[in-house]
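Written below as structure tokens is the structure these notes are about.
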Amino acid sequence: MMAKPTASQTVGPFFARELLWSDGGEVLFPGQGERIVLTGHVFDGAGAPVIDALFETWQVDGTGRVPTAGEAARPYGYGRVSTGADGGYTIETVRPGSFTGPGGEAYAPQLSVTIFARGLLKAVRTRVFLAPLDAIKDDPLARAIDDPARLRTLVATPDPHEPKTYRWDVRLQGQGEAVFIEF
Amino acid sequence: MTMSRTLDADVHPPYAHPDYKSTHLRAPKRPLVRVAPSPLETAGPVFPKHFVKDAEADLTTWGKSAPLGEKMVLIGRVLDEDGRPVRRSLVEVWQANASGRYPHPVDDHDAPLDPNFLGKGQVLTDDEGRYRIVTIKPGAYPWLNHPFGWRPAHIHLSLFGSAYGHRLITQMFFPGDPLLAIDPIFNSVPEAARPGLIADLALEHGVEGVALGYRFDIVLRGPPATPMGV
């Protein structure tokens, strides 16, 4: 039986106290892993900070395994924060490993990202890479984009002074608009 | 294995919807890139059992006494596109109080806060995909999107499903609300999919003499979950 899917609606401006966890930016894993930080800003089409986005990440562990159930306070591998008054977000997590798809696809180190906000009637989904452009050429999304300038919108860059801090800004619209995906 | 699944454009609103002003500078303009979901996106975050407490399904017991407003029970099922129940999946809800006010610093609507109502709850679906929330009917509230704009009464829902590719945030509306006709957010949805955002009156699921009953089923579209995983 096919059921008719339910439409998306905006998260609206009033979600902070309802959906946010005080420690949602600290991503939990059962094992050890190299702790890294992913940080940046979300901007709109006029270059203004998006101050009320819900920013979520979902990722494999350091060895490339998809997290499953656990006894931690929250799900493993999942980060959830809001952008701040400057459009900024910060996720503190482990460096994800590379992983392989069911057809042998080589997925480069990456996080799946979903952004909800007032003015977004449905979430934008994408993936951010924690590896340089020349190291992700075989990744399925890199192949699908097939344009280095567009692909660069999804590459986080290590901070020259803090090599474990990756910076990634997201432009929702216009010049430098990030690549967003659908399945 | 994917059969003719519903197209995104037949169900979901477009990003750009001129009548909803906040989309003007936030809607992406480039076409989305279609890819197969990764092994990550066919799995999803697994919430530990103790993440949700039973009391969190009742929004009316948060304060020292009962909140103001029309008490209601919201029941429903979370299903996948093939009609199968989505089991033990997190459903988060949030809403304005009976006066149409959120306890949020940026909500400057001049309507009273209710000290007995926070407007936030969560529940895990059971083995049949069912959920049940007890709350009060939220009020409509004005907004500045257009002259004399008022949002129809609605409850926000956040859902995970069994795969991260199913992740959905939506709003549930009430049957017979005259504000639906003028709401750009509701009307951003393709016409055929709009009835799916309106709850049904389901008196038998209420509490006799105490609470009205409503039913709202949610169907998550997206990539089929892998048989492995959870």
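FYI, it's all coordinate maths here, none of it is from the lab. Just so it is clear, the model here is predicted, and its values are computed rather than measured. In this analysis, Cβ positions are derived from the backbone assuming ideal geometry, glycine residues included, and neighbour counts consider all displayed protein chains.
Work out from phi, with θ = phi - 60° and the Karplus expression 6.51 cos²θ - 1.76 cosθ + 1.60, the ³J(HN,Hα) of each residue of the range B:99-113, listed in order in whole Hz, and give x for Gly and Pro.
Calculated HN-Hα couplings, in order: 8, x, 10, 9, x, 10, x, 8, 8, 9, 4, 7, 9, x, 6 Hz.
Could you tell me which of A:Thr114, A:Thr157, A:Ile136 has its Cα farthest along the dipole of the range A:58-183 towards the positive end, charges placed at Cβ (Lys, Arg +1; Asp, Glu -1), taken about the Cα centre?
A:Thr114
With N set to the number of residues, divide the alpha-carbon radius of gyration of the range B:103-216 by 2.2 N^0.38 Å and report two decimals.
Compared with the compact-globule rule of thumb, the range B:103-216 sits at 1.17.
What range in chain B is the longest one free of trypsin sites (Lys or Arg not before Pro) that are in a loop by DSSP and have at most 11 other Cβ atoms within 10 angstrom?
The segment B:65-230 is the longest one with no such site.
What shape does the range B:45-143 have by the C-alpha gyration tensor, where a ≥ b ≥ c are the square roots of the eigenvalues, rounded means a/c under 1.5, and otherwise prolate means a/b greater than b/c and oblate the rest?
Because a/c hits 1.5 or more and a/b exceeds b/c, the range B:45-143 counts as prolate.
From the phi angles alone, apply the Karplus equation (6.51, -1.76, 1.60; θ = phi - 60°) to the range B:18-26 and give each ³J(HN,Hα) in whole Hz, x where the residue is Gly or Pro.
Those phi angles translate into x, 5, 9, 4, 5, 6, 4, 9, 10 Hz.
In whole Hz, what ³J(HN,Hα) sequence does the range A:2-17 give by Karplus (6.51, -1.76, 1.60; θ = phi - 60°), x for Gly and Pro?
8, 9, 7, x, 7, 6, 7, 9, 4, 5, x, x, 10, 10, 4, 6
When the helices in chain B are scored as -39500 (n - 2.57) per DSSP H run of 4 or longer and the sum is shared across all residues, what 222 nm value do you end up with, to the nearest 500 deg cm²/dmol?
So the calculated ellipticity at 222 nm is 0 deg cm²/dmol.
Explain nothing, just the number: relative contact order of chain B, from Cα pairs under 8 Å at least 6 residues apart, as a whole percent.
Relative contact order for chain B comes out at 26 percent.
Could you tell me which of the pairs A:Lys122/B:Lys21; B:Lys71/B:Lys120; A:Lys122/B:Lys137; A:Lys122/B:Lys49; A:Lys4/A:Lys122 are separated by over 19 angstrom between their Cα atoms in the structure shown?
A:Lys122/B:Lys137; A:Lys122/B:Lys49
Is chain B rounded, prolate or oblate when judged by the Cα gyration tensor, a ≥ b ≥ c being the square roots of its eigenvalues, rounded requiring a/c under 1.5 and prolate requiring a/b larger than b/c?
Since a/c reaches 1.5 but b/c is at least a/b, the shape of chain B is classed as oblate.
Considering amide H positions built from the backbone, and no H for Pro or chain starts, which residues 5 or more places from A:Val94, or on another chain, come under 5 Å of its amide H?
A:Ile36
Over all residues in B:14-27, what is the mean tally of Cβ atoms on other chains that come within 10 Å of each residue's Cβ?
Mean number of neighbouring Cβ atoms from other chains: 6.
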